[in-house]
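Remarks on the structure that follows.
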Amino acid sequence: MKRSLASLALCTAVLCGLSVQSPAAAFTYFLKSVPVFHLEINSSTGWDHLTDWVMTTSTDEANAAVAGGWIPKGIFCYVSPARIPGTIPLYRLYGVATTDHFYTTSVSERNDLIARGYIPEGTVGYVYPAGSHAPGTVPLYQWTVSPPYVPPGDIYRACTLKPSSESDTPICDVWTAERELVSLTVTAPRRDEELKGGDTYDISWNSTTRGGYVYLNYSTDAGTTWRLLESGIENKGFFTWKVPNVETLHARVQIVWTDFLFDESHVLAQTESEFDFRIRRTQLSAGAQAAIPVQARLPAPARLTAAAASASEVRLGWGASPGRVKGYLVERRIGNGPFRQVANVPAPRLAYVDRSVSPGTGYAYRVCAYALDAPVNCSAAAPARTALALKPAFRPAVRRK
């Protein structure tokens, strides 16, 4: 009798639209600005004169630099760790001849400096172009020291948020504090909505801005397991879904918003249905197809290797996963932090070069194979540590006029 009552309750919930509480909370992730640490190195005379000026978001690099004699000046500003639509990279380079760091958002200037012997040290982060006036941002200025205050042919530059002369040129806009930089919400399906297997349905969402790409996943067990619905969709705010012909009280959709489609591709936001919705299995006519053919879990990529090739480059390689693989998601973490996607490599490629790393920093990587309607499966983690770029070398002081 108890079993009959339980079956009746389940039937009533599905067919009559009664609310069923979800057994798990929805997971969300929104990109936040990260601090930029400011370090200086002074002349060997002990005068408080600037000889090099460095920005880094890496606590590993900052701590190693301080141990090597660099002077910590605290948090200078905040940048985005991923490329929000509308932002640009802030590049860091090192001049061997001048023993000085240089910062620019200009690709042509960066290429010219590399041709002149400057060493690229990756990106500090992502920023808005100068004059964008994005919420919470201020201009970042660069000031120049040139002869006669430095040897002929040398130019030293440093950054400031408080210009003191007309020669202080704004190069970009940065944030002044930690803040969430994007938002993403699922607007449909709605709470306790009932979908029918085999129907088409418009999944919809709101994001801070259009641009970038999204991955759509769905779950029939309140987010315990996920299957890829579609990848590489332009972020237009909607997608037409062929609802799978299953019976569940705890269906969810998940949206992962990335800055780019392939190769360097960072997660901007990840969200899922705030409340579960229902899918009701329907009786289909002969030959009707209600869902994408279900694929079993892919074997994880094997033999992942990660090796730092320089202070700003890590090379990865791995073995192929059998099956209908669409691609591989490269995920990275710093220290004991969470894994975050940094690349999407289309199959059948089995290698990636990560150039969005910081010098003197320890990372761990894993690679996840993905295919339509199959759970993502990830490799074991592989560690890598980039070389320390900052040297405890001193040179004659540079006095600002």
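The values are calculated or read from the model by the stated rules, or taken from the named source; none is laboratory data. A quick note: this is a predicted structure, and the numbers were derived from the prediction, not measured. Counting neighbours? That spans all protein chains shown, and the Cβs are built from the backbone with ideal geometry, glycine included.
Overview of values
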item: Any hit, the stretch 234-251, residues being touching a strand residue (DSSP E or B) at 6+ places or on another chain (Cβ under 7 Å), crowded, with 22+ Cβ neighbours inside 10 Å and among the polar types (S, T, N, Q); result: no
item: Pick from the stretch 303-324, criterion out of contact with any Asp or Glu (no Cβ under 8 Å at 6 or more places or on another chain) and buried (at least 17 other Cβ atoms within 10 Å of the Cβ), ranking: farthest from S231 (Cα to Cα); result: S310
item: Top-ranked residue in the stretch 167-201 [being among the β-branched types (V, I, T) and either surrounded by fewer than 17 Cβ atoms within 10 Å (Cβ to Cβ) or modelled with pLDDT of 95 or more (or both); ranked as nearest to Y128 (Cα to Cα)]; result: V174
item: Test: G69 is in contact (Cβ under 8 Å) with a residue 12 or more places away in the chain and either among the hydrophobic types (A, V, I, L, M, F, W, C) or out of contact with any Gly (no Cβ under 9 Å at 6 or more places or on another chain) (or both); result: yes
item: From N217, N206, residue being within 30 Å of T123 (Cβ to Cβ), under 29 Å from the mean Cα position of the chain (by Cα) and surrounded by fewer than 21 Cβ atoms within 10 Å (Cβ to Cβ); result: N206
item: Among residues of the stretch 230-242, those that are modelled with pLDDT under 95 and either within 12 Å of E272 (Cβ to Cβ) or of a type in the set (V, I, T) (or both), counted; result: 1
item: Members of the stretch 317-332 that are closer than 18 Å to A374 by Cα, not hydrophobic (A, V, I, L, M, F, W, C) and not in a loop (DSSP other than H, G, I, E, B); result: G327, Y328
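Results for (1) modelled with pLDDT under 95; (2) over 26 Å from S356 (Cβ atoms); (3) surrounded by fewer than 19 Cβ atoms within 10 Å (Cβ to Cβ), shown as yes or no for each residue.
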site	(1), (2), (3)
Y213	no, no, no
D221	yes, yes, yes
T224	yes, yes, yes
L228	yes, no, no
L268	no, no, no
